[in-house]
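Have a look at the structure below, then the notes.
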């Protein structure tokens, strides 16, 4: 594609070994050609993997999400059951949304899928009864009976409420990370904010509110009372002296509080670990040098590391002279240095007058690097999904050239909508003028009139 790899400063892929492998992965091959091209493991994929790790570590969450997926499959893959559920919801005058598909590859609908189960709980239980009397397949009946047995249990309700608490934050973070304008620095800051928010929920006071919410849900949905697990035999290594050889679980509330804390610990630890990436640690110096310069703190160490990584991208002498200008500039534009953020920095540089921009050209160049490093490859993922919609069976014979043009128009439709149809029409007319002998008696003036009228009609 005639792209100069020496000009690249950031690359972003998922965590598959073919892309992120340390020896022969695509990221490593590009870094061998250009060490300045730092690699980011796509934050969307990293967040998805973080949630998967947490679910697999907490048995209650794992069992609940498997059951939610099973319920969604039973409903969404059967038009008959789906239609019957809609009829039940209309009969009960339910304003809530219907069942959402629990897709493993869509990162921002899992919380809604669980919430839809609780919102339509009574209708789903009635649907199970109706399905058992209308389904003849023995395997399908067994699956429905399994759902019917699990849904009234307290563990299922507790797992759903706990999943909503976690997914409420992770789904919102995932939506923000999929923005094609967000940088790696901004995405990392958002992830740390979510981690700190969920860490605050790990307290006795937060669990008291959560437990009260679950208890109210139990009474409203007529769910079974919770039960403590039976006594368990202690490991042989702990059987010493006159110690009783059986372990009795603690009180009911403390048993579920342990699960609640365990789930929050797993998700916060997993997000922190997966977002703490080696190349991003080098990239952090870009943020630190700005924030320290604004607060008038020593930044010489960060400057040396930046110049070591990026080499001749910057004039070390000029950059060292321009960084002290950040503090008075922020003061002049009425920014608070103690509460200064990277977003404030970008906004401040946009407000600079041309003369000040020229006097801080190296600082501006350094700020651009903060926006270059990509946070996610969601845009390319969307283009993969668009291919199925563009190349349908009606376009089976589309050539590669035309398909590329259609894909480009579809993926970049926000930019296409901003194009002027009149300018496109005029460009088309000017090209026709060069080949007017092809059109015979149909003159160029007639074509101009027709295109002009069609353009006005299109705009109207």
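Values in this text are rule-based calculations from the coordinates and carry no lab data. Bear in mind that the values here come from a model prediction, so they are computed numbers and not experimental data. With ideal geometry, Cβ positions are generated from the backbone for all residues, glycine too; neighbour counts draw on all protein chains shown.
Assorted remarks:
- Computed from Cα positions, the angle between helix 378-390 and the longest principal axis of the chain comes to roughly 90 degrees.
- Protection proxy ranking, peptides 73-83, 217-227, average beta carbon neighbours within 10 Å, highest first: 73-83, 217-227
- Using a simple spin-label model with pseudo-atoms 7 Å out from Cα toward Cβ, residue 261 and residue 101 lie 4.1 nm apart.
- Inter-probe distance in nm under a simple model that places probes 7 Å from Cα toward Cβ, at residue 136 and residue 386: 4.7 nm
- Using a Förster distance of 35 Å, the FRET efficiency for residue 327-residue 168 (Cβ separation, nearest 0.05): 0.35
- For segment 293-330, backbone nitrogen atoms closer than 20 Å to the point 7 Å from residue 36 Cα along Cα-to-C-beta are found at 302-323.
- Estimated [θ] at 222 nm from DSSP helical runs (n ≥ 4, -39500 (n - 2.57)) normalised by residues in the chain, nearest 500: -21000 deg cm²/dmol
- FRET E, pair residue 269, residue 28, Förster distance 30 Å, beta-carbon r, rounded to 0.05: 0.65
- The angle between the Cα long axis of helix 59-76 and the main principal axis of the chain comes to about 70°, on a 0 to 90 degree scale.
- To the nearest ten degrees, helix 400-411 and the longest principal axis of the Cα atoms of the chain are 70 degrees apart.
- Between residue 424 and residue 341, the contour length at 0.36 nm per residue exceeds the alpha carbon distance by 25.6 nm.
- Calculated SAXS-style log₁₀ I(q)/I(0) at q = 0.18, 0.21 Å⁻¹ - segment 284-376, Debye, Cα scatterers: -0.78, -1.09
- Cα→Cβ-extended label distance, 7 Å offset, between residue 312 and residue 209, nm: 5.8 nm
- Mean Cβ neighbour count within 10 Å, used as a protection proxy, ranking 378-384, 365-371, 88-94, 163-169 highest first: 163-169, 365-371, 378-384, 88-94
- Length gained when the stretch residue 9-residue 355 is fully extended (0.36 nm per residue, less Cα-Cα span): 121.8 nm
- Using 0.36 nm per residue and subtracting the Cα-Cα separation, the extra length available between residue 66 and residue 129 on full extension is 20.6 nm.
- Classified by the C-alpha gyration tensor, segment 49-275 has an oblate form. Its axis ratio a/c, with a ≥ b ≥ c, is 1.5 or above, and a/b does not exceed b/c.
- Taking all Cα pairs closer than 8 Å and separated by 6 or more residues, the relative contact order of segment 284-376 comes to 33 percent.
- What the Cα atoms of the chain give is an Rg and a Dmax of 29.6, 110 Å.
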